[in-house]
Amino acid sequence: MSGAAPGEENGATAGASGAIDTESWAFALELYAEPGIADACLVLQNECGVDVMVLLMATFAAVRRGIALTPFDVAAMDAVCRDWRERVVLPLRALRTMLKSGPAPAPNEQSEKLRSSIKAAELSAERLQNELLAQWLAKLPPGACALQRGDIISALRAVIDLALQERQGEPSAAQLSLIGVIADTAFKLSN
């Protein structure tokens, strides 16, 4: 499977991570398209520094795999994709965002076409990040039982807490309410 380190996966694990990759990407797209979820994710990204792909994978792990990721798990999962995020995803996002207002000749019709191409590249980069995260998740055994709302919220809170470590802050009540919205919507999609 592309993206795997040589000798890192055997055939069974590679097949499992491929299935998880496909399922988790479909889940991420479905959840993100739900009303209010994109806005909630972007607020957490902009205000807390949350990696939306890590947040969506933690949500997937909880609601579809029955795995409540601990803060240690979230840190390990984040470490798997940190280099890719910082060196590929974030620069693409910064470039796409910058082109909304300049430099000249942006914004204009031609620069908007370029911005759209960069947006597509950013989505492709996030898709590859999802693959890295799925490979990591495939190494964990699925949970034996369905998780409760509180378990899901705890896993998502761990994602926010990790993001805020660098900013040395605590999540606000409004930010915490957003993880409740994400958890509730994800839970509904899984039932």
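For this structure, a couple of remarks:
- Extension gain for the segment residue 144 to residue 172, taken as residue separation times 0.36 nm less the Cα-Cα distance, is 6.8 nm to one decimal.
- All lysines inside 28 Å of residue 139 as judged from Cα atoms, apart from same-chain residues fewer than 8 positions distant: 188
- Acute angle (nearest 10 degrees) that the helix 109-137 long axis makes with the longest principal axis of the chain, alpha-carbon atoms: 20 degrees
- Taking Cα atoms only, the orientation of helix 71-84 departs from the longest principal axis of the chain by about 40 degrees.
- Debye intensity ratio in log₁₀ form over the Cα atoms of the chain, taken at each q of 0.10, 0.13, 0.17, 0.18 Å⁻¹: -0.42, -0.70, -1.14, -1.25
- Counting only trypsin sites (Lys or Arg not before Pro) that DSSP places in a loop and that have at most 15 other Cβ atoms within 10 Å, the longest clean stretch of the chain runs over 1-99.
- Ranked from largest to smallest solvent-accessible area, with a 1.4 Å probe on the protein heavy atoms, 59, 185 come out as 185, 59.
- Fully extending the segment from residue 70 to residue 111 would add 10.5 nm, taking 0.36 nm per residue of separation and subtracting the current Cα-Cα distance.
- On Cα atoms only, tilt of 37-48 relative to the major axis of the chain in degrees: 80 degrees
- Protein accessible area in the range 123-191, 1.4 Å probe - carbon and sulfur %: 55 percent
- Over the range 25-76 - Rg/Rh using Cα atoms and the Kirkwood inverse-distance radius: 0.97
- Given their separation in residues at 0.36 nm each and the Cα-Cα distance between them, residue 34 and residue 100 gain 21.3 nm when the chain is fully extended.
- For the chain, built as a Gaussian network whose Cα springs stay under 10 Å, the top-fluctuating residue of 49, 143, 102: 102
- Cross-link partners for residue 113 among the lysines, with Cα-Cα distance under 16 Å and sequence neighbours closer than 8 places in the same chain left out: 100.
- Heavy atoms of residue 109 accessible to a 1.4 Å probe, total area in Å² rounded to 10: 130 Å²
- The heavy atoms of residue 189 present about 40 square angstrom of accessible area, all protein chains included, probe 1.4 Å.
- Accessible surface, per residue, of the chain when the full set of protein chains is kept, probe 1.4 Å, Å²: 51 Å²
- Accessible carbon and sulfur surface of the range 12-78 relative to its total accessible area, %, 1.4 Å: 61 percent
- Label-to-label distance, nm, for residues given as residue 46 and residue 119 (7 Å Cα→Cβ offset): 1.5 nm
- In the elastic network of the chain, a GNM with C-alpha springs shorter than 10 Å, the most mobile of 147, 44, 29 is 29.
- The 1.4 Å probe gives accessible areas that order 187, 27, largest first, as 187, 27.
- For residue 50, nonlocal amide neighbours, meaning residues 5 or more places apart or on other chains whose placed amide H falls under 5 Å from its own, are 45.
- The accessible-area ordering, largest first, of the residues 181, 88 stands as 181, 88, per a 1.4 angstrom probe.
The values are calculated or read from the model by the stated rules, or taken from the named source; none is laboratory data. What you are looking at is a predicted structure, and each value in this text was computed from that prediction instead of being measured. A quick note on method: Cβ atoms are made from the backbone with ideal geometry, for glycine too, and the neighbour counts reach across all protein chains shown. Only protein heavy atoms, including side chains, enter the accessible area calculation; ligands, DNA and RNA are left aside. Shrake-Rupley method; radii C 1.70, N 1.55, O 1.52, S 1.80 Å.
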